[in-house]
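The structure appears right after this line, and notes come after that.
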There are 2 protein chains.
Amino acid sequence: METNSLKRYELKAEMFKALSHPMRILMLDKLKERPWCVCELATEVGIDKSVASKHLSQLKTAGLIDDEKRGTLVEYRLVAPCVLELAACAEGSVLQNRRKRLETGG
Amino acid sequence: METNSLKRYELKAEMFKALSHPMRILMLDKLKERPWCVCELATEVGIDKSVASKHLSQLKTAGLIDDEKRGTLVEYRLVAPCVLELAACAEGSVLQNRRKRLETGG
DNA sequence: TGCAAAGTTTCCAATATTAGAAACAAGATG
DNA sequence: CATCTTGTTTCTAATATTGGAAACTTTGCA
């Protein structure tokens, strides 16, 4: 297997890594409703603004959200809502499977 | 924000974490073609069988793949192909966005 | 029984991620 | 200019992830 083959999956993997933290999914869910600035969103989800800023930065790097400066505020907005619907789809099929496994202890 | 709200996203986050490693996406891509046993797949993607086993274990825990013992072999098979199509869709929208950002240095 | 093959688990060292505090930068406003 | 607000970056310690070697289990077979 060539190194190149693995390389083909790196960007995709980074996108999934951005989605791999419950707090970041929660933030995306909030951003689905409307744009938020950092402080406001940090308060809403109950974390420090520096932590929120870093999470948002990761989501932006992954291409999931975008930002726009508005005076002293930075407004973040969802770029790819389809990703969340995909997550919902996954919840339907994959997570059912996973829950079943957890229950049966398999 | 209640702890419960964040808890709602943990299973979803774990699924995405399972997808957050390029090697695991590559392995899923192989499993999309047909079922593989551990040694065979490990050789195909060029890693140690113990590493392959651990990656497959993570994918199974996430509910993305399933396994079946066949004598001394363990055959792994894809459970939720939709997830990979999801990834492909994401490649179309999100990754384009991300590549643009990488090029412009934003 | 003895041995080989397939997988899993354990151990280790290297690396990455995370939260939060503190320092810092950039606008807004009096 | 002084200061406040917003947001990012830096620093630290705790925790998690990773690959590979080695030990181990299980199954098949002579």
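The values are calculated or read from the model by the stated rules, or taken from the named source; none is laboratory data. Keep in mind that this is a model prediction, so the values were computed, not measured. Don't worry about glycine lacking a Cβ; one is built from the backbone with ideal geometry, like all the others, and counts go over all protein chains shown. Surface accessibility is based on the protein's heavy atoms, side chains included, excluding ligands, DNA and RNA. Shrake-Rupley method; radii C 1.70, N 1.55, O 1.52, S 1.80 Å.
Residues in the range B:43-60 include none that are in contact (Cβ under 8 Å) with a residue 24 or more places away in the chain, over 19 Å from residue A:9 (Cα atoms) and within 12 Å of DNA strand C (Cβ to nearest atom).
Criterion applied to A:14, A:10 was being within 7 Å of chain B (Cβ to nearest Cβ), within 14 Å of DNA strand C (Cβ to nearest atom) and acidic (Asp, Glu), and the one residue passing it is A:10. Here A:69, A:32, A:54 are screened, and the one residue that is assigned to a helix (DSSP H, G or I) and within 15 Å of DNA strand D (Cβ to nearest atom) is A:54. Scanning the range B:17-39 for residues that are open to solvent by 20 Å² or more (accessible area, probe 1.4 Å), within 8 Å of chain A (Cβ to nearest Cβ) and either among the hydrophobic types (A, V, I, L, M, F, W, C) or under 16 Å from residue B:75 (Cα atoms) (or both) yields a total of 1.
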